[in-house]
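Data block below; observations after.
The values are calculated or read from the model by the stated rules, or taken from the named source; none is laboratory data. Source: prediction; values computed, not measured. When we count neighbours, we look across all protein chains shown, and the Cβ atoms used for this are built from the backbone with ideal geometry, even at glycine.
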Amino acid sequence: MPSPAVEALLRELHASLTLRKRPEDVARLIQDLHAAQGAAPDEATGAALAKAAEHSLRNLWHGYTSMREDFARPVGAQRQLARAASLFPDLPDLPDGAGDDPDRIEAVIRRAGGSMSRGYGQNDFGTDRLDRAERTAVGLGEMSKRQYNKRFRLLIRMEAKLARLIHEQRRREVTMTGKGALAQVLPYGLFAADPDTAAFIAYFTARGHMRSVFTNGPQRQPYDEVAEALFQRLRAWPGQTCWAAVAHVHPTPEVLAEVSDEDLTHLLVRWNGFLRQVADLLEDAWNRHPLERASMVVRRGDDSSTWNQAAQAWNTARAHWFAILTELGQDKILDRFCPGKVPRLMAADVAYWHRMTGGGLHPDTYVWAELPLPWEVLRGEKECPRSLVEEVCARHRRDPVASAWTAPRPAAGAVAFRRTPELVHGVAVADPLMASALRSAGVFSGNGKRAAASEWM
């Protein structure tokens, strides 16, 4: 059993898997974990952690970041539940947090509706309400029409609120999975089985959770020199490493080779389900406003936030799915069923920036434009075998294996550590206090830029 100090640090590191803590702050927690264990890390790991932790909030004079250290949470139904409790006095008391629990909200709607002889989903104000005679027949004769209508309208609004809450919770889960793979669902027991495993997963996930930067080049890769040093410790003691936990976030051939077929199958099933969930989200965004598929440049009316979150989640899930299939020796499935990657939407100003600097559309955009849509492939409405993907890639001079169209992503090499920038709508700002002021003024947001600029001239 770990000591109380080690247990507390492992709990804090596990909690960080669903947050957006800066990698520097996670590195500092890992230093504390090593100190609590009473064993200094090897020289390479110690130097790498010190390089990152030097910029942790505890080591900075201001100890402040302007960026939220959590993924945006949807607003719950607390206000609606409070109103329901005042209008339906027979409802039971609800525990704290019930406003964020869709099951509890639905139970309240059903129970309150039952007291009015209203079924769940009966939301037509013209045909689903009871008239005076019907209200009298079900024991509501003493309730005025006005009071009855007030309750009826509330339940309609609560059902609409519940649908929005479920959608936003799903979007949050999709965003977290796109950034950090299955870290958010990793059980504490598996995560904390080995402290070195926990340290690597926590740091690597924090790197994955970093926000995108406004740039016309590639985004920063999560596997940096600190992650490499922490992973070297897992290589040094493979017998004590919990490889099944590592496979939740880092499915390289080296990692997957150490995982049992049973655990790999469990991960494959989970990714199968997630791919279908994300495909539904992509299809919904597409049906609301079809995209300019040939360029993937944002147009007025496009829901770029939902699409980009879902696209990143799809590509992450697809990469894990391909890697596990290959490790299980089942990659022949791709001969018949090889859904393609999904590109993110690009802002028009970034597309212009690319052209001005001699660039153009990403080569994957041309391949995507000619392949069947992912949700059509998953439903079996259109076929997308590996041969088709290879044919399209060849037409656009794209290596289907190296570019991960028909094979798992190649293992990435470690990049140099760079401190986390303060971002204001994707633009890096040196000082967090200045970043807060710029964000409040609307700078870089695309709204009210003239007023904001005049304030900072």
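When R83, R22, R68 are checked against the criterion of being surrounded by fewer than 13 Cβ atoms within 10 Å (Cβ to Cβ) and in contact (Cβ under 8 Å) with a residue 40 or more places away in the chain, a single residue qualifies: R68. When only residues in segment 138-160 that are within 13 Å of L87 (Cα to Cα) and of a type in the set (D, E, K, R) count, which is farthest from the chain's Cα centre (by Cα)? Among them, the one singled out is R146.
If you go through segment 381-397 one residue at a time, do you hit one that is among the aliphatic types (A, V, I, L, M), in contact (Cβ under 8 Å) with a residue 60 or more places away in the chain and surrounded by 18 or more Cβ atoms within 10 Å (Cβ to Cβ)? Talk me through it step by step, then tell me what you get.
Taking segment 381-397 first, the residues among the aliphatic types (A, V, I, L, M) are 388-389, 392, 394.
With in contact (Cβ under 8 Å) with a residue 60 or more places away in the chain added as a condition, the list becomes none.
So far as segment 381-397 goes, no, none of its residues is among the aliphatic types (A, V, I, L, M), in contact (Cβ under 8 Å) with a residue 60 or more places away in the chain and surrounded by 18 or more Cβ atoms within 10 Å (Cβ to Cβ).
Residues in segment 148-194 that are in a helix (DSSP H, G or I) and free of Cβ contacts under 8 Å to residues at least 40 places away in the same chain: Y148, N149, F152, R153, I156, A160, A163, H167, E173, G189.
Just a yes or no: is a residue in segment 163-182 modelled with pLDDT of 95 or more, in contact with a strand residue (DSSP E or B) (Cβ under 8 Å, 6 or more places away or on another chain) and not assigned by TED's automatic domain parsing to the domain that holds L282? Looking for residues that are modelled with pLDDT of 95 or more, in contact with a strand residue (DSSP E or B) (Cβ under 8 Å, 6 or more places away or on another chain) and not assigned by TED's automatic domain parsing to the domain that holds L282, one finds none in segment 163-182, hence no.
Pairing residues of segment 345-371 that are closer than 19 Å to W286 by Cβ with residues that are of a type outside the set (A, V, I, L, M, F, W, C) and assigned to a helix (DSSP H, G or I), at Cβ distances under 6 Å and at least 6 apart in sequence or on separate chains, gives L345/S304; L345/N308. Selection of helices (runs of 4 or more DSSP H) fully inside segment 1-55 by the criterion of at least 3 residues being at pLDDT 95 or above, under 27 Å from F71 (Cα atoms) and touching a Ser or Thr at 6+ places or on another chain (Cβ under 7 Å) returns 23-37.
Take segment 135-168 and flag every residue that is exposed (fewer than 12 other Cβ atoms within 10 Å of the Cβ) and charged (D, E, K, R). Passing the criteria: E142, R146. If you go through segment 314-371 and keep only what is among the charged types (D, E, K, R) and at positive phi, you end up with nothing. In segment 243-317, counting only helices (runs of 4 or more DSSP H) that sit wholly within it, the ones holding 3 or more residues that are without any contact (Cβ under 8 Å) to a residue 12 or more places away in the chain span 261-288.
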